[in-house]
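What follows is calculated from the coordinates using simple rules that are stated; it is not laboratory data. Everything numeric in this text was worked out from a predicted model, so none of it was measured. Cβ: placed from backbone, ideal geometry, glycine included. Neighbour counts: every protein chain shown.
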Amino acid sequence: MQELEIVAPRRRRLVLPHGGALGGTLLSLVLLVLFNLVATPHFTSLQTLYVNLTQVTTIVIVAVGMTMVIATGGIDLSVGSLMAISGALAPLIFAGKLLGIGPGPLADGLAFVLPVLVAMGFGCFNGWLVARFRIQPIVATLVLFIAGRGIAQVMTNGNLQAFHNAAFHTLGLGRVLGVPIQVWLMATVVGIATWVIARTLYGRQLLAVGGNEAAARLAGLPVGRIKILVYAVSGLLSGIAGLIVIAINSSSDANLVGLGMELDAIAAVAVGGTALTGGRASIIGTLLGALIIQLLRYTLLSHGIPDAAALVVKAAVILVAVYIQQVRRAP
Amino acid sequence: MSISGTSLADTIAVGPSRHAALLQRQGVVVALVLLILFGAWRYDDFLGLYNVMSVLRYNSMFALVALGMGFVIMTGGIDLSVGATAALASVVSAGVSDVGLGAGLAAGIAAGLAIGLINGLAIAWARLPAFVTTLATMLAARGLALLISGNQSVSVSWETSFTDLGGGDFLGFPIPAWIAGIAFVLGAVLLNFTGFGRAVLAIGGNEEAARLMGLPVARTKVLVYGLTGALAGLAGVILAAQFGAGQPTEGQGWELFAIAAVVVGGTLLTGGMGSVGFTLAGAMLLGLIFNILNFENGKGDFTLSAYWQSVIRGAFLLLVVLLQNRLARRPS
Amino acid sequence: MGDEILLSMTGITKSFSGVMALKDAGLTVARGEVLGLIGQNGAGKSTLLKVLTGALARDRGTVRFEGAVVDFRTPQDAQAGGIAAIYQEINLVPLRSVAENIFLGREPRRWGLIDWRRMNSQAAQLLGQFDIRVDVRQPLNQFNTATQQMVAIARAIGQRSRLVVMDEPTSSLDDREVAVLFDVIRQLKARGIGVIFVSHRLDELYAVCDRVTVMRDGMTVADQPMASIGKLELVASMLGRSLEEVKQFGATAFHEDFAPRAAKVLEVAGLKSAPRVAAVDLDVREGEIVGLAGLLGSGRTETARAIFGIDRAQAGTIRFGGLQTGFRSAQDAIRAGIGFCSEDRKTEGIVPDMSVRDNLTLALLPQLTRHGVIDQIRQREIVDRLVKRLGIRLASADQKIRELSGGNQQKVLLARWLCMQPRLLILDEPTRGIDVAAKAEIQGLIRELARDGLGVLMISSELEELTEGCHRVRVLRDGRSVAAFDHEQATEHAIMNAMAHGPAEVSHAGA
């Protein structure tokens, strides 16, 4: 009865998962670069490259976490607020205001580690709300979106903390092999996340939970733990991003650090071709998405178009990206 | 052949029981009453005319935004663009306020409506996800507001009666409160007594079914997002009139405040169920928390910085959501 | 029954991106006639009905309704024209009230506003015609599936539809509810309303239809009065086979080829798990297939879920492999050696966007992992072996599982548990919604697995599957074990009797 089996006709696609979507994103990026090579003066200088890369690192780092959260069918609105918390904590720690440990290597070390752990803890809290109480992720993370920045502001009394700290100075402006440290950091995060998604048990389970939670549960996957972990990772990465922002600025302003970051990160994910419905994750796509948005803004600015207009263009790019996704998915 | 007896006996409560659902929504009213009683007991001028009027005046625009958000959420959608839309509308209406009150009002609402319709068309016709679409139009509306205003606030004309929309009174009540009040009454009628309202809830409850039942799904969605945009535009007009200037950078986080108000008001974020009245209560509740913080600081027993308000709002949202969750899960 | 033609569809052709789904298909329905429409999954039934109701546009062909050529562009058009459709998954709005669901889109108005009082009373009246009396103000999700279906029919009647299309309306009803539905269909018939009735269950077609149209490969291959076609003939034309072939295919008799004294792998006594399971006893031996029968709502699925640790048991004992256990999660149960295939493949089985490979090894993955990293070589080996062993037809194991047919998806889900080498497999309706050929294959596979020593607990609504495919059958009623039959005792009559009447009547009948 072989011929009775009806197997849906299918086209052969690239072996690379999501190859098609990724190809489109990559193509857009290449076109954008080509345009700039022709039309933008000084585009080929290293300076330009670093300006663009340093501006995009924090977005990419946060967006990697966001991609993973979205792959489980969730969303994390609290990332910007968690950046503010981590950014507010670090200066308090290395200046000895919080722990009473005077300035020195120990305080510096703690200033790197503790804020990130705290942000991760808050991420766990998000995950706990989502996993334990089955609260919709938008609402669960809305709590810390609202309260988180408030916590950072309360800690610092809303004051700008300007500082001179050698360790943070290095994080903000230092280079290794001529490449900014933060770019190394970003590359590491992207590399690890890509590997986790592609090769590890956790990566598979993450996608399974996002693809069909009930099925994952019945197959014995620890759904709650998987979700808590993914929000924790998002919190951790937000914490790191918060430190980078204050390191670049040599100051921490709880009112501004990470403001609007949740939207930038989600935009990068969307432009990168990861479906917001869950079950899929393309880390490289997210990286490309963030690069496109950044390069677009740079292109417009360097051609004398104001930042405000860049926002409108960015909006159009996001819409076009999801529209293409939509058309591609329709049968 | 009758299955009436057994089908009633077999009735299985799949969702939250009716009582729990009722309690879940009325919880917001109870909390509101308790908060008002607390305020009246603790602060002398809390129920004073001045405070009541200024609370109403200041919170009207938030309530309008929450009203629109409520409708969108009932269809199972979401609109992140409302804050930026309000900012755009405030700039536009301030710009034409020298023509007069009517022109300012119309221009602001039209700007909001335009953004809303773009949302609606993209979501209903191009079938883009609401979250991303409105995220994009949020950026676009903000960009437009900044472009039109040249990155500055646009002062309104004081020659015309435009500022009455923010600061004026009518029959002893602030005009913004009248506007919001009328909008909520119309909204309640629209939701409960028209085919449009039923379609909104049906779409949120089961979009595919609504389509198969022959309801005009796309049209309803376009209208809902248009309505929400127009309400955000109206809020923007009031904003401009109240502050005497169009504010291109104002309205950040309004969308999330509105979502919080809607959720606190017991509307399911998944759509299909909701109430206009409780949304109003939710918005009032969140507004009052800020008001009470001010009073507490004024009283001087201890001082909470203004930054505490967002912490408390967040904690409050958490409380309500956890409570809703408990009630919804209680076996009937 | 008038002879007047109500609907005729002729020469309907439809293709999806080059693939022909309908080739010159057609059907006719007279006033007051119930037309049965059958065919295997993918034969084109749904596509034809979608063309009729305007959900899909046809490439060619003519639709005549009440004598006039019609061209419905949307379901709304079709409804306005007098054709209502009731779908497999009930397409109503669960959170809205019964009355709203009946009247959505055409609510009674007064001064332009909805007249709730009139709407509620009219809704109650409509349902009353079918002897269904419920509080129409309650949300629809407070009622069982059968009642919800009646609401859908009342909606169609309320719209003065002249033709009602029912796409597998009985798939989630129990026998008693089916009987009520059939009564309603006869009432529709008496009013001169035409009905198109789609079902996979042959007995139902014979019970209620006047005529039957058979589809295969997008074509109409038979159209006869129900009384003039035999079951085998019907199946034969569905499959496109000669009668002899079908007889052979249906004749896979069940041989009792296991040692009846094998060790018990599962023993359940006095199991209670609120709200559906009150007191269930059952046991499964190694190499044995135990059928679990009962009406919908009798607690079959819930029993399985309690054993598997997804639902909490409040009382009773579960012994697995001789040891008393109480699994607190699916993970516990899986670790102990149990697999569970849910009845709902789509929502609780497959992860649609994942590859067949990852779907198949979803439960096994932790064992294929070293330091968190998946051993892809071993994964590949295991998948290839099982794909071959189970005869899963696919282009590549990297293919997304949602691209496979229902039968092949089910095989992948079986394989998901087989690779865990379980001692007990719980199957909830393993052949529901699967075409006849794949069904037989899966049933054969289950027997083979049992022969190799696996214990199987199989929930099924199909009497044939229970009487012919199981060593023993347990019957549940209202959350209690009410009867147990050996293979020889397990006749369709005995099982139905126990499902319907419970122990009292059984003992009476036995006495």
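How large is ³J(HN,Hα), in whole Hz, for each residue of the stretch C:273-287 in order, when computed from phi with the Karplus curve 6.51 cos²θ - 1.76 cosθ + 1.60 and θ = phi - 60°, using x for Gly and Pro?
The phi angles translate into 8, 4, x, 9, 9, 9, 7, 10, 10, 6, 8, 10, 9, 4, x Hz.
Given H placed 1.01 Å from N in the peptide plane, which residues other than close sequence neighbours of C:ALA21 have an amide H under 5 Å from its amide H?
For C:ALA21, whose amide H was placed from the backbone, the distant partners under 5 Å are C:LYS14, C:SER15, C:PHE16.
Mind jotting down a quarter of the surface of the convex hull over the alpha carbons of chain C, in square nanometres, one decimal?
One quarter of the hull surface, i.e. the mean projection, equals 27.4 nm².
Using helices alone, what [θ] at 222 nm do you get for chain A, with -39,500 (n - 2.57) per DSSP H run of 4 or more residues, divided over all residues and rounded to the nearest 500?
-24500 deg cm²/dmol
About the Cα centre of the protein assembly as shown, how large is the charge dipole given +1 on each Lys and Arg Cβ and -1 on each Asp and Glu Cβ? Please answer in debye to the nearest 20.
940 debye
Describe numerically, in nm with one decimal, the distance between label points set 7 Å from Cα along Cα→Cβ at B:SER305 and at C:LYS264.
6.9 nm
Would you mind getting me the FRET efficiency between A:ASN52 and B:ASN151? Use the beta-carbon distance for r and R0 = 25 Å, nearest 0.05.
Efficiency for this residue pair is about 0.60.
Determine the shielding of peptide C:399-409 by partner chains: average, over its residues, the number of Cβ atoms on other chains within 10 angstrom of each Cβ.
3
Hey, got the Cα dimensions of the stretch A:47-259 along the principal axes, in Å, largest first?
Result for the stretch A:47-259: principal-axis Cα extents of 54, 39, 29 Å.
Where the centre of each part is set by its Cα atoms, how far does the stretch C:296-334 sit from the stretch C:112-156, in angstrom?
With the stretch C:296-334 and the stretch C:112-156 each reduced to a Cα centre, they are spaced 38 Å.
Of all beta bridges DSSP finds with both residues in the protein assembly as shown, what is the antiparallel percent, to the nearest 5?
Roughly 60 percent of the DSSP beta bridges within the protein assembly as shown come out antiparallel.
Mark the label point 7 Å from the Cα of C:LYS272 along Cα→Cβ and return the residues of the stretch C:290-313 whose backbone N is within less than 18 Å of it.
C:299-300, C:302-304, C:306-307, C:311-313
First measure r as the distance between the Cβ atoms of C:GLU464 and C:ASP344, then evaluate 1/(1 + (r/R0)^6) with R0 = 25 Å and state the FRET efficiency to the nearest 0.05.
So, using R0 = 25 Å, E works out to roughly 0.70.
Relative to 2.2 N^0.38 Å, what does the C-alpha radius of gyration of the stretch C:5-242 come to as a ratio? Two decimals please.
1.03
For the stretch A:202-255, would you read off the P(r) tail past 19 Å as a percentage of all alpha carbon pairs?
Percent of Cα pairs beyond 19 Å in the stretch A:202-255: 46.
Classify the stretch B:8-328 as rounded, prolate or oblate, taking a ≥ b ≥ c as the square roots of the eigenvalues of its Cα gyration tensor: rounded when a/c is under 1.5, otherwise prolate if a/b is larger than b/c and oblate if not.
Oblate, because a/c is 1.5 or more while a/b does not exceed b/c.
Return the single residue from A:SER86, A:SER45, A:SER28 with maximal mean-square fluctuation; model: Gaussian network over chain A, springs between Cα atoms under 10 Å.
Residue with maximal mean-square fluctuation among A:SER86, A:SER45, A:SER28: A:SER45.
Which whole number of Å³ per residue matches the convex hull of the alpha-carbon atoms in the protein assembly as shown?
199 Å³
Any chance you could check the Cα centroid distance between the stretch C:1-80 and the stretch A:233-277 for me, in angstrom?
Between the Cα centres of the stretch C:1-80 and the stretch A:233-277 lies a distance of 54 Å.
For C:ILE86, enumerate residues with amide H under 5 Å from its amide H, sequence gap 5+ or separate chain, H modeled in the peptide plane.
Answer set, sorted by chain and number: C:VAL165, C:MET166, C:ASP167.
Would you mind computing, in nm to one decimal, how far apart the modelled labels at C:GLN314 and B:ASP45 are, each placed 7 Å from Cα along Cα→Cβ?
Once both label points are built, they end up 5.8 nm from each other.
Which of the aspartates and glutamates could a cross-linker span from C:LYS272 if the Cα-Cα distance has to be under 16 Å and same-chain partners fewer than 8 positions apart are dropped?
C:ASP281, C:ASP283, C:GLU302, C:ASP311, C:ASP478
Please work out whether the stretch B:196-332 counts as rounded, prolate or oblate from its C-alpha gyration tensor, where a ≥ b ≥ c are the square roots of the eigenvalues and a/c under 1.5 means rounded, while otherwise a/b larger than b/c means prolate and anything else oblate?
oblate
Express in % the proportion of alpha carbon pairs of the stretch A:96-193 at distances exceeding 22 Å.
Roughly 51 percent, once rounded to a whole number.
Give me the percent relative contact order of chain C, please, defined on Cα pairs under 8 angstrom at least 6 residues apart.
Taking the mean separation of contacting Cα pairs over the length of chain C, I get 14 percent.
For A:LEU117 and A:VAL320 in the same chain, what is the full-extension length gain: residue separation times 0.36 nm, less their Cα-Cα distance, in nm?
In short, 69.3 nm is gained.
Taking the beta-carbon count within 10 Å as an exposure proxy, list C:LEU104, C:LEU360, A:LEU29 from fewest neighbours to most.
Listed from fewest to most nearby Cβ atoms, that is A:LEU29, C:LEU104, C:LEU360.
For the stretch C:5-242, give me the percentage of DSSP beta bridges that are antiparallel, rounded to the nearest 5 percent.
The antiparallel proportion sits near 60 percent.
Give me a comma-separated list of calculated 3J(HN,Hα) values for the stretch A:97-113, in order, Karplus coefficients 6.51, -1.76, 1.60 applied at θ = phi - 60°, integers in Hz, x for any Gly or Pro.
6, 9, 9, x, 8, x, x, x, x, 4, 4, 4, x, 4, 5, 7, 7
Using a simple charge model, +1 on the beta-carbon of Lys and Arg, -1 on the beta-carbon of Asp and Glu, nothing else, what dipole does chain C show about its Cα centre, in debye to the nearest 20?
Computed charge dipole of chain C: roughly 1360 debye.
So how do C:ASP311, C:ASP428, B:ASP169 line up by other beta-carbon neighbours within 10 Å, fewest first?
B:ASP169, C:ASP311, C:ASP428
Would you please give the FRET efficiency between A:ILE192 and A:VAL30, computed as 1/(1 + (r/R0)^6) with r the Cβ-Cβ distance and R0 = 25 Å, to the nearest 0.05?
0.45
Quick one: longest stretch of chain A between exposed loop trypsin sites (Lys or Arg not before Pro), exposed meaning at most 16 other C-beta atoms within 10 Å and loop per DSSP?
The reported range is A:135-331.
Among B:PHE257, B:PHE62, B:PHE196, rank each residue by its count of other Cβ atoms within 10 Å, from fewest to most, as a rough exposure measure.
B:PHE196, B:PHE62, B:PHE257
Can you tell me the equivalent ellipsoid semi-axes for the stretch A:162-210? Use √(5λ) from the Cα gyration tensor, largest first, whole Å.
Semi-axes from the Cα gyration tensor: 33, 13, 6 Å.
Given the pairs A:LYS314/C:LYS50; C:LYS50/C:LYS388; C:LYS23/C:LYS189; C:LYS264/C:LYS400, which span a C-alpha to C-alpha distance of over 32 angstrom in this model?
Those over the limit are A:LYS314/C:LYS50; C:LYS50/C:LYS388; C:LYS264/C:LYS400.
Among B:ALA66, B:ALA235, B:ALA107, which one moves the most in a GNM of chain B with springs linking Cα atoms closer than 10 Å?
Its mean-square fluctuation being the largest, the pick is B:ALA107.
Can you tell me which of A:LEU82, A:LEU117, A:LEU160 moves the most in a GNM of chain A? Springs connect C-alpha atoms under 10 Å apart.
With Cα springs under 10 Å in chain A, the top fluctuation among A:LEU82, A:LEU117, A:LEU160 is at A:LEU160.
Considering amide H positions built from the backbone, and no H for Pro or chain starts, which residues 5 or more places from C:VAL265, or on another chain, come under 5 Å of its amide H?
C:VAL284, C:ARG285, C:GLU286
Can you tell me the mean projection area, over all orientations, of the convex hull of the stretch C:279-373's alpha carbons? Units nm², please.
8.1 nm²
Once you wrap a convex hull around the alpha carbon atoms of the stretch B:73-134, what is its projected area averaged over all directions, in nm²?
Directional mean of the projected Cα hull area for the stretch B:73-134 stands at 4.4 nm².
From the backbone phi of the stretch C:316-324, what are the Karplus-calculated ³J(HN,Hα) couplings (6.51 cos²θ - 1.76 cosθ + 1.60, θ = phi - 60°) in whole Hz, Gly and Pro given as x?
x, 10, 10, 10, 10, x, x, 9, 6
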